[in-house]
Amino acid sequence: MPRFVRATLALHGLLLLGLLVWPAQWPWLLALLVANHALITGLGLWPRSTWLGSNLRRLPAASSARGEVALTIDDGPDPALTPRVLDLLDAAGVKATFFCIGERVQRHPELAREILARGHELQSHSQRHRHNFSLLGPRGCAKELEAAQRSFEQVTGVTPRLFRAPAGLRNAFLAPVLHRLGLQLVSWTARGFDTRERDPARVLHRLTRQLRAGDILLLHDSNAALTLSGEPVVLAVLPELLRRLRTAGLHPVRLGDALALAPDAAAAKPLAAPALRRPASPGAIASKFSPPSSTA
């Protein structure tokens, strides 16, 4: 259990004790409780925070020393866009990690399997990508993640070992669920906001302004913003991003390779029954654009 969560539980106990001993001080005790919950909410709205539990924001030191970066692509599979992203990656000889939505994996099973067939990696981005995911309680979190695990396993035979929360938002209930399911939370080092930014140069600038080995980069192969010419931004950004990685001597790898996940993480068999098997503990996973004149 994260230290901050343990401290929060201890604070709740002290506040209850204080209410029993000094009932007249309830307004101050209530104010402390509200302040604590406001802090928890704020931390959940900070995608790269580690206060609510383990959160992979960069690749491990060994991977960074090899000059590796991870290209991660969220929200698919999307039959209108994912194949075009795959073609660009193939043309560059690059492998990526796709954080996919369980419902879309079920809706487009051939495409999910095609991602794997081309040598890329599938990981979990929840079952439905609920916009209120960070408001779910323990049971709601578990239901969403377990449904996603089943979707991946039934369609592809793959058991995800990594999880990225919808929009990166979460709450204190998520970490215990992830631990029970053997999932490691992953955020990012840099993201381009390519679902709302229409200018490819700005997206590229956000991804590369402090580019270095060990970075986890985030793009999307669904819900992509469109350039002024009507092209999905990710398609305009990806070739130049890959060129800049090559120029910098950086090598894109799948997250599973950087983390040295067990080989069976990419070759697990589907569940024979609705109940989920418990995977290994996450503890075992240890230029055509000109940059904008000002920082985005």
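Just need a number here: residues in the range 119-139 that are under 14 Å from L181 (Cβ atoms) and more than 16 Å from the chain's Cα centre (by Cα).
So the answer is 2.
Hey, R202 hits all of (1) at pLDDT 95 or above; (2) not in a helix (DSSP H, G or I) but one; which does it fall short on?
(2)
From the set of residues in the range 205-226 that are touching a Leu at 6+ places or on another chain (Cβ under 9 Å), open to solvent by less than 30 Å² (accessible area, probe 1.4 Å) and assigned to a loop (DSSP other than H, G, I, E, B), which is modelled with the lowest pLDDT?
Applying the filter and picking the extreme gives A224.
Can you name the condition, by its number, that R246 falls short on among (1) open to solvent by less than 30 Å² (accessible area, probe 1.4 Å); (2) in a helix (DSSP H, G or I); (3) under 25 Å from E197 (Cα atoms)?
(1)
Among the listed residues L9, L17, identify the single one that is assigned to a helix (DSSP H, G or I), modelled with pLDDT under 75 and open to solvent by 20 Å² or more (accessible area, probe 1.4 Å).
After applying the criteria, what remains is L9.
The values are calculated or read from the model by the stated rules, or taken from the named source; none is laboratory data. Quick caveat: nothing in here was measured; it's all calculated off a predicted structure. Positions of Cβ are generated from backbone atoms using ideal geometry, with glycine treated the same way; all protein chains shown enter the neighbour counts. We work out accessible area using only protein heavy atoms, side chains counted, and drop any ligands, DNA or RNA first. Shrake-Rupley method; radii C 1.70, N 1.55, O 1.52, S 1.80 Å.
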